[in-house]
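The values are calculated or read from the model by the stated rules, or taken from the named source; none is laboratory data. Being a predicted model, the structure only gives us computed values, none of them experimental. All Cβ positions, even for glycine, are placed from backbone atoms using ideal geometry, and neighbour counts span all protein chains on display.
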Amino acid sequence: MNTILYKQQLSQDVFLMRLHAPLIAEERQAGQFIILQTDDDYGERIPLTIADADTIEGSITIIFQVVGKTTKHLATFNVGDKLPALLGPLGKPTHIENFGRAVCVCGGIGVAPMHPIAQALKNAGNHVTVIIGARTEELIILQKEMSAIADELIICTDDGTAGIKALVTAPLKELCEQELKPDIVIAIGPPVMMKFCAETTRPYKVFTQVSLNTIMVDGTGMCGGCRVNVGKEVKFVCVDGPEFDGHLVDFDNMIARLNAYKEIERTHYKCFVEKAFNKNVKEVQL
Ligand code: FES
């Protein structure tokens, strides 16, 4: 178990892996995630959404971007290597029904967790519009797969190298202004993107669901590491989420909590790269 069956580099810093995890593959539903460790002692535990599963092969697919020490370490694993620890499926599955018109907004690596959700929405009979946003064309992933599912696919890039040169909020606003406005918007991506998607839909009163990716430790509701303020309540992303009403999430508080460990992350990343790749790192941008 936990053996890497397949590895593919999707773009400069984005990797896809299929892991042997038959029990998780059997149980998982759209929207759920796993927690893994790349070290077997006191290593960091990181949550990653299950992008796909194959019950015949007994595998789950994860897609991750190298953003720190643990994902940098994970990217060094190859086919045949085993992960020391893998826990899941965790979190509540996405609630799927025929809402009518569903808009899926994905930023960067957020396309990976959105893929099974868009597929499930389509299977339930929804008209599905997918908006994918990326800095530049080469960072767009799963475009072909999303185009096979979506009734309408809109690509936005910051530099205009693919699709329209715009932020994802621009086409989202246009869709909200149409007579047949969306019945549900689901946004997955960087916290700032999800915050502004929620702000875009708020005046139109379009229900907007966001999938939060906070710091996690145990993944079972005991450590409090993943807590977020949602409306007047404190919620734990690992057991109450990861999906919440975007109009109620206190994104500023969540972003501040995510940034609280940046200096420690930079130090660990620098030490890891210097040791593993025998390279002198002067400055780390995380
Ligand atoms: S990860 Fe510990 S409470 Fe959620």
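Observations on the structure shown:
Residues are listed down the side, and each one gets a yes or a no for (1) out of contact with any strand residue (DSSP E or B) (no Cβ under 8 Å at 6 or more places or on another chain); (2) assigned to a strand (DSSP E or B); (3) within 30 Å of CYS156 (Cα to Cα):
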position	(1), (2), (3)
MET194	no, no, yes
CYS197	no, no, yes
GLY219	no, no, no
CYS223	yes, no, no
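- For the stretch 227-254, the tally of residues that are hydrophobic (A, V, I, L, M, F, W, C), touching a residue at least 24 places away in the same chain (Cβ under 8 Å) and within 14 Å of the ligand (Cβ to nearest atom) stands at 6.
- Note on the stretch 20-139: enclosed helices (runs of 4 or more DSSP H) holding 3 or more residues that are buried (at least 23 other Cβ atoms within 10 Å of the Cβ) and either at pLDDT below 95 or not β-branched (Val, Ile, Thr) (or both) are 111-123.
- The stretch 255-270: number of residues that are away from the ligand (no atom under 16 Å from the Cβ) and touching a residue at least 12 places away in the same chain (Cβ under 8 Å): 7
- Restricting the stretch 225-238 to residues that are among the charged types (D, E, K, R) and part of a strand (DSSP E or B) leaves a set whose member that is surrounded by the fewest Cβ atoms within 10 Å (Cβ to Cβ) is GLU233.
- Residues satisfying the stated conditions in the stretch 140-171, i.e. within 16 Å of VAL14 (Cβ to Cβ), touching an Asp or Glu at 6+ places or on another chain (Cβ under 8 Å) and not in a strand (DSSP E or B): ALA162
- When the stretch 46-66 is filtered for residues that are without any contact (Cβ under 8 Å) to a residue 60 or more places away in the chain and of a type in the set (D, E, K, R), the ones remaining, listed by number, are ASP54, GLU57.
- Residue selected from the stretch 200-217 under the condition assigned to a loop (DSSP other than H, G, I, E, B) and more than 6 Å from the ligand (Cβ to nearest atom), by the criterion nearest to ILE46 (Cα to Cα): ILE215
- With respect to the conditions (1) within 16 Å of the ligand (Cβ to nearest atom); (2) out of contact with any helix residue (DSSP H, G or I) (no Cβ under 8 Å at 6 or more places or on another chain), LYS165 lacks only one, and its number is (1).
- LYS205 closer than 27 Å to HIS73 by Cβ and among the charged types (D, E, K, R): no
- Filtered residues of the stretch 78-111 (kept if touching a Pro at 6+ places or on another chain (Cβ under 6 Å) and charged (D, E, K, R)): ARG101
- Taken over the stretch 172-192, the criterion of being assigned to a helix (DSSP H, G or I) and within 18 Å of ARG135 (Cα to Cα) is satisfied by LEU172, PRO191, VAL192.
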